[in-house]
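Structure, as structure tokens:
The values are calculated or read from the model by the stated rules, or taken from the named source; none is laboratory data. The model shown is predicted, which means the values in this text are computed figures rather than measured ones. When we count neighbours, we look across all protein chains shown, and the Cβ atoms used for this are built from the backbone with ideal geometry, even at glycine. We work out accessible area using only protein heavy atoms, side chains counted, and drop any ligands, DNA or RNA first. Shrake-Rupley method; radii C 1.70, N 1.55, O 1.52, S 1.80 Å.
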Amino acid sequence: QRRGRVLSDAVGALCRALPPRVRPVPDTLRRAKFDRPQASLDLWRLLYTLLKQVHRDKWTESDTIDHQIRFVKSALWYHGYGRPALYQLPSDGSAGSRELLLAFSWLLQKLSLLEKLLARNRVKTGDEISVCTCDDDLPNSQKSATPECGLEDRVDIRYLQWLNGRLRFQWRSLHAQQQEQCKLLHKIHLLTSGSHVDQNLGHLSVTEMDLIRQPENYNQLLQLLESETMQLEAFQEWKQLEPVYWQWMETVLDSVIEEGNTCESQDAHVQQSRLEKEPPCCPWADSLTGQIKSLSRDLMTLHDHLHELVTHRRAAWCEKVKTRKEELQKEGFPATARQIQETVELKLLDLTHLCAPNKNKAHGSCRLVFRNKHPTSRKGFSRSVSKEPVSTVSATQVIRELKMREASLERELKQLQEECRQRLDEIAEGLDGVICISP
């Protein structure tokens, strides 16, 4: 009973830590363990809304269940969920609650689902911007790889040019909108300079200005903050009870395995009994069975012969390697190998130094704070504020690092263009009667 109460608390904390609009009933997860069909539709909708929020897509409750199921399956496939049983579930949502529970738990662990949703749905009272000056995490093997151009993968170049032009237009529109937003933020920060109690900020944000102009929105903001606080408290409780949930999921996996073994054994037993009871339908069935047994004996004999042959050749190869090793030791190979090893270790040290995390790299969401060269006097504020240093990153530093990153990407782009040009020249040389003129 105590274990059941702890499990109930863990499942309840997990449900409360999810966003309010997608929060499931704890009994839904419990019914899914026993593969109850009543929980299937609720879990399909839960996965649909969660994955929509992860991908920042718009969603409405009016979407058909068929559309939701197709989206969930494609999104899980995109994230690498490889259990075939889920993709074989019917498109009407009438079954498969246990499989959906497994997929939900996999997302919970694989994507750090709760942390990501809490960070994305956080109530923002300050003016924030996303800043990232980190290098790409793409491995060098993928960076240097160039796609092979085949004749079967031909695409109309005009369509690619149209896509490129459309992308450039949308990029310029987005850039213009961000510039306009920055101008408006600068006006607000400049005009409200010296109006904030916190000396580390010194100015009001857009949300605070909206509350001053429309005080009736204060209750709505307060409700959002209270809801977020309850989610954070539930998340803290969940982190304490999380091991209990995963122990429970082990029992769910055990039940899936047991049910699968039972079905396989029953199918095999039914098939065997059917073969034993039914008389041979063909007069040549007995002779065919004898031929199968004879082939099985021949295969076993061949298997034993191949095993002996592999063992003999492995022993001969080991003896050859041992002899070659003795010859290399006489030729001074260990000294050369030691020198190569030292060179490799030095290069690895340099690589470790280059790949070490740089503390100056900015990543994540940062609050915009206006720093005036001639700060306005803050007389009239008697409230004491903390003098603790705040980790900050200046816009000038970010711009400098982004320009350096831009120059690096331009060099990489030119290198890739040159490789593509060389590749096209090689292809053109193999075409008879074709003259290629570079632009």
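Structure above, values below:
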read-out: Val385 being at pLDDT below 65, surrounded by 10 or more Cβ atoms within 10 Å (Cβ to Cβ) and either of a type outside the set (D, E, K, R) or under 34 Å from the mean Cα position of the chain (by Cα) (or both); value: yes
read-out: Residue count, the stretch 1-14 (criterion: open to solvent by less than 40 Å² (accessible area, probe 1.4 Å) and small (Gly, Ala, Ser)); value: 3
read-out: Pick from the stretch 235-260, criterion more than 15 Å from Arg3 (Cα to Cα) and among the polar types (S, T, N, Q), ranking: surrounded by the fewest Cβ atoms within 10 Å (Cβ to Cβ); value: Gln236
read-out: Selection status of Asp298, modelled with pLDDT of 85 or more, of a type outside the set (A, V, I, L, M, F, W, C) and more than 50 Å from the chain's Cα centre (by Cα); value: yes
read-out: Any hit, the stretch 63-81, residues being touching a Lys or Arg at 6+ places or on another chain (Cβ under 6 Å) and not basic (Lys, Arg); value: no
read-out: All positions within the stretch 88-118 that are open to solvent by less than 60 Å² (accessible area, probe 1.4 Å) and of a type in the set (Phe, Trp, Tyr); value: Phe104
read-out: Enumerated helices (runs of 4 or more DSSP H) restricted to the stretch 1-107, each holding at least 2 residues that are over 17 Å from Met249 (Cβ atoms); value: 2-17, 40-54, 65-79, 84-87
read-out: Scope the stretch 398-439; condition open to solvent by 100 Å² or more (accessible area, probe 1.4 Å), assigned to a helix (DSSP H, G or I) and more than 29 Å from Cys132 (Cα to Cα); matching residues; value: Arg421, Leu424, Glu426, Glu429
read-out: Scope the stretch 168-198; condition open to solvent by 100 Å² or more (accessible area, probe 1.4 Å) and under 18 Å from Thr125 (Cβ atoms); matching residues; value: Gln181
read-out: Positions within the stretch 112-126 being in a loop (DSSP other than H, G, I, E, B) and under 13 Å from the mean Cα position of the chain (by Cα), in sequence order; value: Ser112
read-out: From Glu208, Glu278, residue being modelled with pLDDT under 90 and surrounded by 10 or more Cβ atoms within 10 Å (Cβ to Cβ); value: Glu208
read-out: Lone qualifier among Val155, Val131 - being at pLDDT below 85, within 31 Å of the chain's Cα centre (by Cα) and outside any loop (DSSP other than H, G, I, E, B); value: Val131
read-out: Filter result for Ala32 (out of contact with any Gly (no Cβ under 6 Å at 6 or more places or on another chain) and over 17 Å from Glu99 (Cβ atoms)); value: no
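For (1) in contact with a Cys (Cβ under 8 Å, 6 or more places away or on another chain); (2) open to solvent by less than 10 Å² (accessible area, probe 1.4 Å); (3) of a type outside the set (Lys, Arg), each residue gets a yes or a no:
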residue	(1), (2), (3)
Arg16	no, no, no
Arg31	no, no, no
Phe34	no, no, yes
Ala39	no, yes, yes
Asp66	no, no, yes
Arg70	no, no, no
Gly80	no, no, yes
Pro84	no, no, yes
